[in-house]
Amino acid sequence: MELGGLHRVDMRGDIEKQAALMVTVTPEELIPKDHPIRVIKSVADEALKRLGPQLSAIYSERGRPSIPPEALLKAQILIALYSVRSERLFCERLQYDFLFRWFLDLPGVGTAFDATSFTKNRERLLQADLFGEFFREVIEQARGKRLLSDEHFTVDGTLIEACASMKSFRPKDGDGPSRKGGSNPEVDFRGQKRSNKTHGSTTDPEAKLFRKGSGKPSQLCYIGHVLMENRNGLCTDALVSQADGRAEPEAALAMVRRSIDSSRRRVTLGADKGYDIGEFQIALAEEGVLSHVAQKEAITPVLDRRTTGRAGYKISQRKRKRVEEIFGWAKTVAGMGKTRFRGAIRVGAQFLLAMTAYNLVRIARLQLQGG
């Protein structure tokens, strides 16, 4: 184009059509050598190798070959690591994502398994507690690498929003507020008192109405509980319970009894003020665990200056806040802000897989740092 004696050149580039391309590269070559996913895969594969006998026991020797349970468990780890919002979307991405195919030891090209494979196999994995066994095998590897503390721990809980709407929280006797509309009706709760004694969710009957504190909103939820070791912030035990005011200390004691050996060493347990309950402190003492629970402002505190004045207590109070990193990662990355499943057992399995994924990330980071 000529303008005032000057020639104007159009610098807008043209889109080049993709030509047919044939490459002879393998998925293994596409993954960077220093990528943390390599360490994560190595640890996960070793854990699943040790679970080989248990995995074989839940499958029949007759019939058509099934999807390897190792692939299904590792697929759940990828879903947590890469924030994939559903199993169906994961299977769609598995068609073209070479990293996913490499992690699951699938060929670089070809059809992947269907999303229904997760649903069909989840029940047998739950019955054999394979989600818990996978979690524990990863922890044993961390212990073998000397990444765990056997003396200092922290316990805490967090709310997990249930996969159920507040509209599903209906009176158990069948009488409820007026409902207008189609599949998503308007519901008027004004003037109606609702509690877990008189109401229940029709979508997820095991979810309970709960609020964290005064001024906080009530919601249908579960509580996820974590026992963390204080050296590197790894989760050494986890479980999900129904939401109520006694769930946190009861779950903490259950995890202490099954995961902490206080017979040969002095063990401490840190926690926030929600655990400052006389019965809980007494139960910890009976288990041989020294309480480092944060103290409420009271006239007669449970712990005296012989405990709270020590440097170890102050270290525990500083370290215990690290447990929020676990909850933050689980909710923002692993999809635990609002669960995709219904029922305490299935929500618990998802929570265990999220904690397994978190531990794999921590182990990989520590190894790459030389820790």
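Structure notes:
- Residues that are crowded, with 18+ Cβ neighbours inside 10 Å and either more than 19 Å from the chain's Cα centre (by Cα) or more than 20 Å from LYS314 (Cα to Cα) (or both), drawn from the range 154-166: GLY157, THR158, LEU159, ILE160, ALA162, CYS163, ALA164
- Residue in the range 339-352 that is surrounded by fewer than 18 Cβ atoms within 10 Å (Cβ to Cβ) and of a type in the set (S, T, N, Q) present: no
- The residue list ILE260, ILE282, ILE223 contains one member that is more than 24 Å from LEU159 (Cβ to Cβ), touching a residue at least 40 places away in the same chain (Cβ under 8 Å) and aliphatic (A, V, I, L, M), which is ILE260.
- Verdict on ARG124 being among the basic types (Lys, Arg), in a helix (DSSP H, G or I), in the same structural domain as LYS49 (by TED's automatic domain parsing) and closer than 19 Å to THR356 by Cβ: yes
- Verdict on SER42 being of a type in the set (S, T, N, Q) and at pLDDT 90 or above: yes
- Leading residue by the ranking (nearest to GLY274 (Cα to Cα)) among those in the range 186-213 that are modelled with pLDDT under 80 and in a loop (DSSP other than H, G, I, E, B): GLY213
- Looking at the range 271-371, the helices (runs of 4 or more DSSP H) lying wholly inside it that each contain 2 or more residues that are touching a strand residue (DSSP E or B) at 6+ places or on another chain (Cβ under 8 Å) and among the hydrophobic types (A, V, I, L, M, F, W, C) sit at 278-286, 323-332, 344-368.
- The range 227-250, residues that are within 23 Å of TYR313 (Cβ to Cβ) and either outside any loop (DSSP other than H, G, I, E, B) or in contact with a helix residue (DSSP H, G or I) (Cβ under 7 Å, 6 or more places away or on another chain) (or both): LEU227, MET228, GLU229, ASN230, ASN232, GLY233, LEU234, CYS235, THR236, ASP237, GLU248, PRO249
- Of all residues in the range 21-45, those that are touching a residue at least 12 places away in the same chain (Cβ under 8 Å) have Cβ atoms under 7 Å from Cβ atoms of residues that are among the basic types (Lys, Arg), 6 or more apart or on another chain, in PRO27/ARG101; ILE31/ARG38; PRO36/ARG365; ALA44/LYS74.
The values are calculated or read from the model by the stated rules, or taken from the named source; none is laboratory data. Bear in mind the structure is a predicted one, so any value in this text is a computation, not a measurement. Note that each Cβ is placed from the backbone with ideal geometry, even for glycine, and that neighbours are counted across all protein chains shown.
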